[in-house]
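First up is the structure itself, then whatever we jot down about it.
The values are calculated or read from the model by the stated rules, or taken from the named source; none is laboratory data. In this text, all values refer to a predicted model and were calculated from it rather than measured experimentally. All Cβ positions, even for glycine, are placed from backbone atoms using ideal geometry, and neighbour counts span all protein chains on display.
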Amino acid sequence: MTIRNILDSKKVLFSFEIFPPKKQANFDNVISCTKELSALEPDFMSITYGAGGTTKVNTVEIAQQIIQMGTPALAHLTCVGNTKETIKSTIKEMKTAGIENVLALRGDYPQDFEGEKATADGLDHASDLVPLLKEEGLCVGGACYPECHPESANRIDDIENLKHKVDAGVDFLTTQMFFDNNMLYSYLYRLQSKGIHLPVLAGIMPITNSSQVARMVKLSSAYIPEKLLAICDRFENNPAAMRQAGIAYATDQIIDLISNGIRGIHIYSMNKPDVTKDIIANVNEIIKAVNE
Ligand code: FAD
């Protein structure tokens, strides 16, 4: 099932993200998390891709298993450091595995990357990857950044650049995580004013331990509202309380987003089915109501 079709048939969709194991020994653990997440009946699950293809085999393998579990899968694919030939052969592998949806990404080089860094064959941006996926008949998503991509000079340039990806034919966009919904609402106005009307899935990262905040700021440069900082300060030494407060915060964000007409919620579940399970339990009646 393509995400385009799901968007056509549902008012609000939910998706979860998992990442493949860094060490092969952890593969079975990831599959068991995946099974627990799939049992929550998300509209689809997405599987990240290590930049430079470091998790390529597992991304495809996990996506294939998710499809066999009865859940549509969205495989991520990054083009940084890859040749057109390698990318085309990965796309073929994805299609052979039954994958119908791909998130087209540029990717970043990992800090410890030791391979050839030169870009090849003009695959410099996610927008260069989109035509290769579209010509294979795939449903294609792209990433977007409500608080601006860190490399963009400013918010205007960021949306101008996003337009390349949109014009290349992406079917939907998924946002970088954000912790203040107003960031998304003002971003959506800016997208509309530039003629970008694609469905945007809102990326929500539940913060269930206080050290996560520093890591997330480093990874995404996201603004952390006072309310979330206060939660982290107050409960950093009490894991159970921090977990409960973090789940409540993410739940609150999701309810506000759905109330304001957002089409999709993408939970960065970080291979933590228990947290995702609690969030879904908090909003299950809301999900039912909006899709009636
Ligand atoms: P692009 O769209 O290529 O944009 C990168 C930068 O280049 C931006 O500043 C943009 O404004 C600029 N730009 C874009 N097009 C042009 C152009 N034509 N001319 C000039 N400038 C341009 N990383 C992984 O390694 N694996 C993953 O699985 C993964 N999943 C992700 C999922 C989501 C939802 C998000 C939001 C990010 C994900 N990332 C992942 C991180 C992502 O790879 C990085 O944020 C990366 O820096 C940018 O990727 P992009 O696809 O947005 O790049």
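Taking each residue of the stretch 66-83 that is among the β-branched types (Val, Ile, Thr) and looking for partners that are assigned to a helix (DSSP H, G or I) with beta-carbon atoms closer than 8 Å, six or more apart or interchain, yields 66/34; 66/38; 71/38; 78/51; 78/52; 78/53; 80/51; 80/52. For the stretch 229-281, the set of residues classified as within 13 Å of residue 37 (Cβ to Cβ), basic (Lys, Arg) and at pLDDT 95 or above consists of 277 only. Residues considered: 184, 105, 162, 132. Of these, the only one that is touching a helix residue (DSSP H, G or I) at 6+ places or on another chain (Cβ under 8 Å), without any contact (Cβ under 8 Å) to a residue 60 or more places away in the chain, more than 26 Å from residue 65 (Cβ to Cβ) and aliphatic (A, V, I, L, M) is 162.
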